[in-house]
Amino acid sequence: MKIATLNINSINARLPNLLKWLQQNNPDVMLLQEIKTEFDGFPLFDLQMAGYNCEILGQKSYNGVAVLSRHPMQISCKNLPCFSDENARYLEVMLTKNHRKYSVASLYLPNGNPPYNNPTDTSRFTYKLQWMDNFLHHAENMLLWHKNIVLAGDFNVMLTDNDVYNPDLFKGGALYCKEVVNRLKQLTAMGYTDCFRTLYPSKTGYTFWDYTQNSFINDLGLRIDYVFCSPCMADKLQSCNIDRDFRSWEKSSDHTILITEFED
């Protein structure tokens with residue numbers, strides 16, 4: 001089972017790149033974040049022609065998540081349960097491959113930094129913490145009901161100094177303060193596995209490079225995209241790799257693709 005995740009930063013702007021990558025790599029499941037379109041604007045036909053069933057939770061111009069699958073699936077959760085949210089950030093499906101069921105979610109965790117024109121506004125950070133708390137509660141409940149779970153996407157959190165090119169620039173910010181780091185660490189305390197870090201304990205493994213300051217060329221990156229899996233899936237973990245080349249393609253997203261493979 002090959003599962004890939006990408007913050008695509010507008011699916012309609014990056015569709016040719018996505019279709020090319022899907023044809024070359026043929027994942028079972030592709031999880032997308034920041035599709036930045038509602039259902040009517042989603043390129044459903046193109047992706048179906050590429051061999052993928054599609055489920056989306058869209059939003060005009062912002063946010064939005066999607067799951068593409070070569071296997072039958074049905075939506076089990078749109079946005080986090082028991083959490084009122086006008087933003088499209090969480091889509092969970094149940095899919096079946098070789099008579100085995102998998103619970104898979106694409107998520108786009110809030111950034112949390114204040115607006116540039118109002119640096120004292122903490123409302124976005126408060127929202128981020130509330131979102132994380134509800135996500136953690138849901139993730140813990142999932143372990144009671146499902147064996148094969150994958151939670152993946154753009155988490156907008158760095159866990160360690162190895163996950164950021166210059167930790168001093170980000171410490172105390174909404175992506176690398178103790179409140180968010182400690183919350184994300186709760187996933188592993190519950191029993192979930194950070195697939196990349198488990199296989200590569202000290203490797204940098206950046207998944208995001210800003211468009212400014214020649215960040216990609218100078219490798220000024222962050223690891224903010226993750227694949228977390230349940231204990232049963234961790235036993236089947238074979239690989240977790242970052243396709244750095246994808247970030248170098250023309251009209252690329254500012255993120256690149258994280259690909260994880262599990263034994264069927």
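When Rg and Dmax of the Cα atoms in Å is calculated directly from the model, which label among (i) 19.3, 62; (ii) 20.9, 68; (iii) 17.2, 52 fits? Calculated Rg and Dmax of the Cα atoms in Å: the matching label is (iii). Treating r as the C-beta distance of Asn118 and Lys203 and R0 as 41 Å, the FRET efficiency rounds to 0.65. Phi-derived couplings, Karplus 6.51 cos²θ - 1.76 cosθ + 1.60 at θ = phi - 60°, listed residue by residue for the range 14-26: 10, 4, x, 5, 4, 4, 4, 5, 4, 5, 6, 10, 6 Hz, with x used for Gly and Pro. Which whole-angstrom value gives the distance between the alpha carbon centres of the range 35-110 and the range 222-243? About 19 Å separates the Cα centre of the range 35-110 from the one of the range 222-243.
Directionally averaged projected area (the range 207-264, Cα convex hull): 4.6 nm². Taking 4.7 Å between C-beta atoms as the pairing limit, the chain has these partnerless cysteines: Cys54, Cys77, Cys82, Cys177, Cys229, Cys232. Taking other residues whose beta carbon is less than 14 angstrom from the beta carbon of Asn166, and scoring Lys, Arg as +1 and Asp, Glu as -1, yields -3.
Over the chain, Cα pairs under 8 Å with separation of 6+ residues give a relative contact order of 18 percent. Take the Cα pairs of the range 1-114, get the Kirkwood Rh, then feed it into Stokes-Einstein at 25 °C and 0.890 mPa s and tell me D in µm²/s. It diffuses with D of about 173 µm²/s by this estimate.
Among the GluC sites (Glu not before Pro) in the range 1-106, those placed in a DSSP loop whose Cβ has at most 10 other Cβ atoms within 10 Å are Glu86.
Applying the criteria of a DSSP loop state and at most 12 other Cβ atoms within 10 Å to the chymotrypsin sites (Phe, Trp or Tyr not before Pro) of the range 80-151 yields Tyr116. Electrostatic tally near Gln213: other residues with Cβ closer than 14 Å to its Cβ, Lys and Arg +1, Asp and Glu -1, net -3. Holding the Cα-Cα limit at 23 Å, pick out from Lys36/Lys171; Lys20/Lys147; Lys97/Lys236; Lys60/Lys251 the pairs that are longer than that. Among Lys36/Lys171; Lys20/Lys147; Lys97/Lys236; Lys60/Lys251, the Cα-Cα distance tops 23 Å for Lys36/Lys171; Lys20/Lys147.
Bear in mind that the values in this text are calculations on the coordinates, not laboratory data. No experiment lies behind these values; they were computed from the predicted model shown. Here Cβ is always computed from backbone atoms with ideal geometry, including for glycine, and neighbour counts include all displayed protein chains.
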